[in-house]
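Working notes for the structure below.
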Amino acid sequence: MKVLIDDKIQTYSADEIARWTALLPQWRRERVEAIKHDAGRRQSLLAFRLLCQGLREEYDIAELPPFSFNEHNKPHWDEGLALPHFSLSHCREAAACVIDERPCGIDIESRGRKVSDSLIRYAMNDEERAAISQAEDSALAFLRLWTRKEAVLKLIGTGIRDTMKDVLRDCPYDVETRETEHYVLSIATHPCS
């Protein structure tokens, strides 16, 4: 498994971003340019650059074929392409990518993210809400669970759904969580056989 993170997302100049955007394949450039907010365009661009970098370094793939999106917006290679699985994520501070031979999912969230009670009620089951309320840092406890859940949902390709509350209960997937002072990152994969 290859995990790539770019946590210098805010340091790139507008000229660098414009130059990198111009180098994108047309199909990806159109998707990036369709994003309304500058921060979102920047984050999407940098996550894609990580995918390109990882495929070049690990698989000697220099030119990416287009990929499609399922009904829940999970990116995937078109049918018949024997390429590794991947997942992309980004937040205000960083972009992230995981590439693996097995299906995978990744989520990254800013540690400064505001967490509302309504979001906690929507996303967490009773046990998780209790753990969050008892934690020394409830926002961090929420982000640890949230990123784990989103990584699993990205792995299985369903996106955020009403079933989110119980996605970690009896979870058959391997989920790893990493933290820095700026973000929380979780990666989900199918277990090795």
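Listed values [x] 14.6; [y] 10.7; [z] 11.8 include one computed from this model; for mean projected area of the Cα convex hull in nm² that value carries the label [z]. In a reduced charge model with +1 at each Lys and Arg Cβ and -1 at each Asp and Glu Cβ, the chain shows a dipole moment near 500 debye about its Cα centre. Among the GluC sites (Glu not before Pro) in segment 105-193, those placed in a DSSP loop whose Cβ has at most 10 other Cβ atoms within 10 Å are 136, 181.
Separation of segment 117-193 from segment 13-49 is 29 Å, based on Cα centroids. With the charge dipole of segment 72-159 set up from +1 on Lys and Arg Cβ and -1 on Asp and Glu Cβ about the Cα centre, the Cα lying farthest toward the positive end among the listed residues 158, 99, 123 is that of 123.
Listed by Cβ neighbour count within 10 Å, with the fewest neighbours leading, 114, 154, 74 appear as 114, 74, 154.
Exposure proxy for 156, 132: other Cβ atoms within 10 Å of each Cβ, ordered fewest to most, give 156, 132.
Charge dipole of segment 2-103 (Cα centre as origin; +1 on each Lys and Arg Cβ, -1 on each Asp and Glu Cβ, all else neutral): 340 debye, rounded to the nearest 20. Going from the fewest other Cβ atoms within 10 Å to the most, the residues 59, 173, 183 appear in the order 59, 173, 183. Using the Kirkwood radius over Cα pairs, work out the Stokes-Einstein diffusion coefficient for segment 108-189 at 25 °C and 0.890 mPa s, in µm²/s as a whole number. The estimated diffusion coefficient comes to 192 µm²/s. Multiplying the residue separation of residue 63 and residue 158 by 0.36 nm and subtracting their alpha-carbon distance yields 31.4 nm. Residue by residue, segment 174-185 carries 3J(HN,Hα) couplings of 7, 10, 10, 10, 10, 9, 10, 5, 10, 8, 10, 10 Hz when phi is fed to the Karplus relation 6.51 cos²θ - 1.76 cosθ + 1.60 (θ = phi - 60°); x denotes Gly or Pro.
Just so you know, all these numbers are worked out from the coordinates, no wet-lab data involved. Everything quoted here is computed from the prediction, not taken from an experiment. Backbone-built Cβ (ideal geometry, glycine too); neighbour counts: all protein chains shown.
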